[in-house]
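What follows is calculated from the coordinates using simple rules that are stated; it is not laboratory data. These numbers come from a predicted model, not from an experiment. Cβ sites come from the backbone with ideal geometry, for glycine too, and all protein chains shown count toward neighbours.
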Amino acid sequence: MKRFQLGLLIGAIALIALSWGNIFAARSGLTVRNFQQENIPLLYVAPAQANAVPGVLVAHGYAGSKQLMLGYAHVLARAGYAVMLWDFDGHGANPNRLQRYDLQANLDVALRALLTQPEVDRTKLAVLGHSMGSGIAMSAGIQNLDRFAATIAVSPTGAAVTPQAPRNLQLQAGRWEGRFVANAERILQTGGGENQNFAAGTARELVIVPSVEHITILFSDRSHGAALQWLDAAFNQTYSSNYRDRRMAWYGLHLLGGLLLIGALAPTVAGWFEPDRMRISAIKRWGGLLLAPLPGVAGLVLLNSRINLQSLGGVQVGGAIGLWFLIAGSLWLILLGRIPQLSWRRIAIGFGLFALLWFAFGAMAQVVWLQWWLIPTRLQVWLPFAAACLPWFLASGIAQQGAGNGERFAWWLAQSAILIGGFVLTLNFLPELGFVFLLLPLFPPLIAVLSFVVASIDEAWISSIASALFFGWVLAAGFPLSG
């Protein structure tokens, strides 16, 4: 190993260690309990040695998990609140298949669990929800008018709000999520308009959070702070806290450290193989990328009348995405006209590279923002999803072999744009897959991570196996289990 690689390796390990140290430090002074009740995974966060503090239920949105709402939990717990989070049916680590009309029962289970925690004042309760969870939270506040003193709806969907119910309603929406802003404004109007009458329980407020959309609002200091101020006013709390949730920054540093670790080891691995430098014409490489989305779109449209795309593979929407990649990637491979030689050694190294990528992206995500560990039901679909994604990433790896840094940047930009455009076109014909639209901003960072892998190990089979296994894991982890 050369001196530069050794320095990179030491730096990567230092970043990873620093990140984990600060993640553990973020939990200091907090009581954290993971448990299950009635088959529902629950996560409880409260101030250490607290006594008779208000309790808050925090509900995630569609395709989310309890981890995605941990920013609110940490901010509220640091300010003297006990917080209960959970995974709705079909989400995260919850093995129950998704039945939308039963999700209110999930909240009831979480409420019963919250009331059994010794730190909680059972007379002071509130509920907060995001997107799908916002509608369930508002409905709970309406149905339990004497139970919940305040309700917070982030990126609100809908509920039968009136000027009296739910009590003390705060609405939040990101400046960049237009229809949710419109929903919030409509709910505010039917709820009686803005006022600060907390004593009567009719207080109403709309907070437009700047520079965020449907996902990034969950990591916004402005959103966290607004929720805390609202609850403090509702419960007449005077406990002060200057805590700002910076766990995502440490997660980002961990991801960087993991990628640097891959970069440090990659030259050694690359030296085990003769480089494949059989050049393919730019027309085939770039033309294939441009044309590939069209059969992906057409294939889904044609198959939609024969199979249920929404629940394909037992996972909502995720199976359709995998099928799109299979069709589009296969055409791209055909247009390239060649596939490099595969060997068991390449397969083994591809799995090893995936393990490093899995650690870099997901090991810390599990305790920061994403349910990364797959429950058995999800693990069963991981390899089929990975196999479906393999043609696309193999074609991408072949097309980029031997490219310089500038050209690789162009490939990242082009793939991101093509994938976003391809799925926007798909949604134009198949609006029932509409949730994909909210995930489009995630394509550029995910493709950036995988582009780094391709650049680090300029061997198409190794990088494509690792990338397909990783992307298949993301699909298996991220979407709800079908009912």
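Values as computed for the structure displayed
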{"read-out": "Whole-percent pair-distance distribution, where bins are 10 Å wide, for the alpha carbons of the range 396-438", "value": "27, 37, 23, 13, 0"}
{"read-out": "Approximate shape of the range 247-478 as ellipsoid semi-axes (Cα gyration tensor, √5λ), whole Å, largest first", "value": "26, 23, 16"}
{"read-out": "Relative contact order [Cα under 8 Å, 6+ residues apart], the chain, whole percent", "value": "17"}
{"read-out": "For the range 278-337 versus the range 1-58, the gap between their alpha-carbon centres in whole angstrom", "value": "38"}
{"read-out": "Debye log10 I(q)/I(0) at q = 0.11, 0.13, 0.18 Å⁻¹ for the range 1-151, Cα point scatterers", "value": "-0.47, -0.60, -0.99"}
{"read-out": "Selection of trypsin sites (Lys or Arg not before Pro), the range 312-398, meeting DSSP coil and at most 13 other Cβ within 10 Å", "value": "R338"}
{"read-out": "Share, in percent, of DSSP beta bridges within the chain that are antiparallel, nearest 5", "value": "35"}
{"read-out": "For the chain, fraction of C-alpha pairs farther apart than 39 Å, in %", "value": "27"}
{"read-out": "Whole-Å semi-axes of the range 38-235's equivalent ellipsoid (Cα gyration tensor)", "value": "22, 19, 16"}
{"read-out": "Relative contact order %, the range 38-235, counting alpha carbon pairs below 8 Å whose residues are six or more apart", "value": "18"}
{"read-out": "Expected 222 nm ellipticity per residue - DSSP helices of 4 or more, -39500 (n - 2.57), all of the chain, to 500", "value": "-17500 deg cm²/dmol"}
{"read-out": "Crossing angle, helix 344-358 versus the chain [Cα axis fit, 0-90 degrees, rounded to tens]", "value": "30"}
{"read-out": "Relative contact order (%) - the range 292-412, alpha-carbon pairs under 8 angstrom, separation at least six", "value": "31"}
{"read-out": "Kirkwood Rh, angstrom, the range 347-432 [1 / mean 1/r, Cα pairs]", "value": "15.8"}
{"read-out": "Size descriptor, Kirkwood hydrodynamic radius, that averages inverse alpha-carbon separations across the range 213-274, Å", "value": "15.4"}
